[in-house]
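Chemist: Structure below; questions to follow.
The values are calculated or read from the model by the stated rules, or taken from the named source; none is laboratory data. Bear in mind that the values here come from a model prediction, so they are computed numbers and not experimental data. Cβ coordinates were reconstructed from backbone atoms using ideal geometry, including for glycine residues, and neighbour counts include every protein chain displayed.
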């Protein structure tokens with residue numbers, strides 16, 4: 001239960017990615033808890049890319065940790081990262097199926113189960129287990145964001161490990177607040193050609209709009225991938241966004257100029 005948002009925009013002669021997420025964390029058994037701790041659901045994977053997740057904290061963090069370990073010391077493209085995320089998703093789902101279905105019911109793993117299914121395809125027990133496997137869902141969505149030599153990218157990985165690349169729409173949303181955020185960005189007519197400052201504002205407002213959805217927290221983190229580097233926005237930019245906050249999809253020119261100036265200072269500071 002959460003909202004994660006990503007949007008691509010223009011920045012100078014290139015492209016940038018803006019991402020935002022709340023901090024509502026869902027912990028499964030044995031805790032069965034929702035809370036807003038001082039933890040971010042935006043996880044840097046490389047110097048210029050990050051992963052956002054909606055679902056069980058342990059599952060999202062496990063996939064992030066596995067991918068970061070796989071790419072340590074290298075700088076893969078965003079799509080290469082997304083393929084690794086998709087593979088980690090499939091591996092995790094397979095392990096969860098073994099732990100929750102195959103081991104308790106048949107005391108076997110996937111290789112032994114395939115042999116059993118091939119030898120006795122008409123078995124009612126095996127048919128029931130196959131149905132349970134088909135219904136198994138991690139209820140986990142992941143948003144891969146970042147920039148590389150090919151520009152800015154957003155990729156979504158979801159059940160059962162499907163990878164979808166965001167195209168001309170220029171934005172993506174996941175989580176229980178995804179619909180609210182997507183509607184706001186659509187009403188704002190966001191495109192990949194939007195300015196950096198305008199996109200920061202659009203993403204912030206989309207997150208605010210999503211807060212009416214069940215399970216979306218009030219706290220907000222915003223990160224940007226620009227000039228080959230990912231970073232989190234500081235309080236100076238948040239103060240301007242909160243000041244400009246309104247329920248309409250356009251910034252006043254003075255507000256836009258103030259946000260653009262603050263972002264320029266932020267980007268310059270990251271480059272030093």
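Chemist: Quick check on this structure: which one of 150, 109, 161 is on the phi < 0 side of the Ramachandran plot, in contact with a helix residue (DSSP H, G or I) (Cβ under 6 Å, 6 or more places away or on another chain) and surrounded by fewer than 20 Cβ atoms within 10 Å (Cβ to Cβ)?
Modeler: The unique qualifying residue is 109.
Chemist: Listed residues 257, 188, 262, 252; which is at pLDDT below 95, surrounded by 18 or more Cβ atoms within 10 Å (Cβ to Cβ) and farther than 18 Å from residue 6 by Cα?
Modeler: The unique qualifying residue is 262.
Chemist: Taking the residues in segment 242-257 that are under 13 Å from residue 196 (Cβ atoms) and in a helix (DSSP H, G or I) as candidates, determine which candidate is nearest to the chain's Cα centre (by Cα).
Modeler: Among residues in segment 242-257 that are under 13 Å from residue 196 (Cβ atoms) and in a helix (DSSP H, G or I), the one nearest to the chain's Cα centre (by Cα) is 256.
Chemist: Scanning for something more than 25 Å from the chain's Cα centre (by Cα) and not in a loop (DSSP other than H, G, I, E, B), does segment 133-142 turn up at least one residue?
Modeler: yes
Chemist: I would also like to ask the following. Quick check on my filter: what residues within segment 57-83 are touching a strand residue (DSSP E or B) at 6+ places or on another chain (Cβ under 6 Å) and not in a loop (DSSP other than H, G, I, E, B)?
Modeler: 57, 60, 64, 78, 81, 82
Chemist: Looking at the structure I just gave you, is residue 93 without any contact (Cβ under 8 Å) to a residue 40 or more places away in the chain, closer than 27 Å to residue 41 by Cα and surrounded by 14 or more Cβ atoms within 10 Å (Cβ to Cβ)?
Modeler: It is false that residue 93 is without any contact (Cβ under 8 Å) to a residue 40 or more places away in the chain, closer than 27 Å to residue 41 by Cα and surrounded by 14 or more Cβ atoms within 10 Å (Cβ to Cβ).
Chemist: Of the residues 223, 215, which single one is over 25 Å from residue 149 (Cβ atoms), in contact (Cβ under 8 Å) with a residue 12 or more places away in the chain and either under 19 Å from the mean Cα position of the chain (by Cα) or assigned to a loop (DSSP other than H, G, I, E, B) (or both)?
Modeler: Going through 223, 215 in turn, the sole match is 215.
Chemist: Next question, about the same structure. How many of the residues making up segment 166-183 are within 19 Å of residue 17 (Cα to Cα) and either part of a loop (DSSP other than H, G, I, E, B) or modelled with pLDDT under 95 (or both)?
Modeler: Matching residues across segment 166-183 total 5.
Chemist: Could I ask something else about it? Of all residues being part of a strand (DSSP E or B) and more than 12 Å from the chain's Cα centre (by Cα) in segment 154-165, which is nearest to residue 201 (Cα to Cα)? Just the residue, please.
Modeler: Once the filter is applied, the top-ranked residue is 165.
Chemist: I've got another one for you. Among the residues of segment 26-35, is any surrounded by fewer than 18 Cβ atoms within 10 Å (Cβ to Cβ), touching a strand residue (DSSP E or B) at 6+ places or on another chain (Cβ under 8 Å), assigned to a loop (DSSP other than H, G, I, E, B) and at pLDDT below 95?
Modeler: Yes, segment 26-35 contains a residue that is surrounded by fewer than 18 Cβ atoms within 10 Å (Cβ to Cβ), touching a strand residue (DSSP E or B) at 6+ places or on another chain (Cβ under 8 Å), assigned to a loop (DSSP other than H, G, I, E, B) and at pLDDT below 95.
Chemist: Only one of these is within 30 Å of residue 9 (Cβ to Cβ) and modelled with pLDDT under 95: 109, 150, 146. Name it.
Modeler: Residue meeting the stated conditions: 150.
Chemist: Here's something else I'd like to know. Note down all Cβ pairs under 8 Å where the first residue falls in segment 180-199 and is on the phi > 0 side of the Ramachandran plot, the second is surrounded by fewer than 20 Cβ atoms within 10 Å (Cβ to Cβ) and modelled with pLDDT under 95, and they're at least six residues apart or on different chains.
Modeler: Partner pairs satisfying both residue conditions: 189/249.
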